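Notes follow the structure.
The values are calculated or read from the model by the stated rules, or taken from the named source; none is laboratory data. All figures in this text were calculated on a predicted structure; none of them were measured in a lab. Heads up, the Cβs are rebuilt from the backbone with ideal geometry, glycines too, and the neighbour counts pull from every protein chain shown. Please note that ligands, DNA and RNA were not included when accessible areas were found on the heavy atoms of the full protein model with its side chains. Shrake-Rupley method; radii C 1.70, N 1.55, O 1.52, S 1.80 Å.
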Amino acid sequence: MPNQTFSLYLDVVRFLAAVLVLLYHSNWRELITDQVPLGGYGHSAVIIFFVLSGFVIAYVSDVKEADAKSYAVNRLSRIYSVAIPVLLMTPLLDVWGESISPVFYEDKTTHDLWYVRIFSSLLFLNEVWFVSIMSFSNVPYWSLCYEVWYYVIYAAYIFMRGWKRWVAIVGIALLLGPKILLLFPLWLVGVAIYKWQITYNLSVFKACVLWLMSFFAFYGFHEYGVQYALADLLKAWGGDYLYEQLTFSKYFLSDYLLVPIIAINFIAFRRLSGLCPNMPQAVSRCIRYVSGFTFILYLSHQPLLQFYGAVINGNPDSSRFYLTVIGLVIITVFALGFLTERRKRTWKRFFDLLLSWKGRTRSLNT
């Protein structure tokens with residue numbers, strides 16, 4: 001079980017990963033002429049999310065959510081409390097913003113077959129097999145369409161038994177196709193970190209060295225362009241068609257190199273956190289509060305960036321325009337957080353009642 005310090009560390013990493021994705025998507029020339037510092041770390045931040053997600057799901061299913069119903073209620077309320085409001089908000093912002101300044105939406109959104117986009121997004125089917133359906137301008141939505149199905153596969157494994165378990169897992173795999181499954185082992189690394197208790201036996205010195213080295217390795221990974229070099233290699237080996245069909249999984253070769261760096265960072269800090277397992281209450285509250293807006297920041301920032309960019313339509317040579325847009329995005333994210341992530345209990349009651357009603361109906365029918 002992670003101690004308080006390690007849990008808070010994961011919250012900090014999770015929030016900073018969302019900030020890196022925000023910087024990545026803000027790094028386009030209509031907003032700012034110069035390259036944004038740390039603006040190239042977006043995809044790697046998503047891989048951090050995958051590893052974190054695997055760790056957290058392994059923990060909660062082991063300690064807090066011992067049955068399928070509580071697992072489903074918590075996952076559904078967590079996801080839909082943010083996904084539904086953002087999904088409904090995005091096309092409205094896109095249409096409004098595009099009517100004001102179309103340049104901010106060129107090749108960045110689409111409105112055709114809107115009902116298909118909403119339906120597929122609600123069921124997280126945007127990236128099955130070699131389909132890639134944009135959730136309007138909300139590009140980051142792709143990772144949620146991966147992650148949700150990792151929850152489902154893991155639930156089938158831990159809550160089902162015998163032949164039914166494997167039939168369910170194979171059936172889900174056939175539904176999803178190779179793109180989503182290609183990155184599933186990265187998510188499972190997070191599960192392995194939680195389960196692998198032997199890592200607690202690291203000496204403090206080794207843990208400190210490994211933790212520091214992981215940051216240098218992460219920096220070097222990006223400084224030397226490993227992600228794009230291996231993507232080009234995949235393109236040369238497999239051809240343009242395969243490369244394009246893999247869409248967000250096309251960096252899988254470098255992702256498999258990046259994940260050990262992330263894993264070493266988590267494993268090493270988990271050992272170091274044992275030196276100070278508890279943090280001051282004020283620090284703990286501050287971190288918990290800010291990190292509570294991570295999901296809404298991640299899932300809403302892209303349409304907000306484009307909308308505020310279109311509304312203000314300032315000079316990209318001026319940092320004032322860029323900072324104004326970023327400031328408005330952050331203010332809006334926190335406002336949305338009180339209407340979404342801070343309302344999880346309401347959604348939890350809804351799904352609890354829904355699943356309880358379905359359970360009673362099933363028992364009456366049998």
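Condition first: within 18 Å of Y256 (Cα to Cα) and open to solvent by 50 Å² or more (accessible area, probe 1.4 Å). Now tell me which residues in region 183-212 satisfy that. Spell out how you get there, then give the answer.
From region 183-212, those within 18 Å of Y256 (Cα to Cα) are 183-193; that's our starting set.
Within region 183-212, P185, L188, A192 meet the criteria.
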Answer residue from region 118-140, given it is touching a residue at least 24 places away in the same chain (Cβ under 8 Å) and in a helix (DSSP H, G or I) and is surrounded by the most Cβ atoms within 10 Å (Cβ to Cβ) among those: S121
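Among what's in region 231-246 and is open to solvent by less than 30 Å² (accessible area, probe 1.4 Å) and part of a helix (DSSP H, G or I), pick the residue that is modelled with the lowest pLDDT. Let's see the steps before the verdict.
Going through region 231-246, the residues open to solvent by less than 30 Å² (accessible area, probe 1.4 Å) turn out to be 231, 234, 239, 246.
Pick out the ones that are also part of a helix (DSSP H, G or I) and you get 231, 234, 239.
Numbers: A231: 91, L234: 90, G239: 87.
The selected residue is G239.
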Being over 25 Å from the mean Cα position of the chain (by Cα) and either not in a helix (DSSP H, G or I) or not small (G, A, S) (or both) narrows V209, V290, V259 down to just V209
Would you mind finding the one in I330, I326 that is closer than 19 Å to V86 by Cβ, open to solvent by less than 50 Å² (accessible area, probe 1.4 Å) and out of contact with any helix residue (DSSP H, G or I) (no Cβ under 6 Å at 6 or more places or on another chain)? I326
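Is it fair to say L339 is open to solvent by 20 Å² or more (accessible area, probe 1.4 Å) and under 22 Å from Y80 (Cβ atoms)? Write out each step before concluding.
Numbers: open to solvent by 20 Å² or more (accessible area, probe 1.4 Å): yes; under 22 Å from Y80 (Cβ atoms): yes.
When the stated conditions are applied, L339 passes them.
To keep it simple, each residue is scored yes or no on (1) touching an Asp or Glu at 6+ places or on another chain (Cβ under 8 Å); (2) buried (at least 19 other Cβ atoms within 10 Å of the Cβ); (3) at pLDDT 90 or above.
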site: P85; (1), (2), (3): no, no, yes
site: L93; (1), (2), (3): no, yes, yes
site: D107; (1), (2), (3): no, no, no
site: W142; (1), (2), (3): yes, yes, yes
site: L175; (1), (2), (3): no, no, yes
site: L181; (1), (2), (3): no, no, yes
Taking into account only those residues within region 282-315 that are in contact with a Pro (Cβ under 9 Å, 6 or more places away or on another chain) and not small (G, A, S), which is farthest from S137 (Cα to Cα)? I296
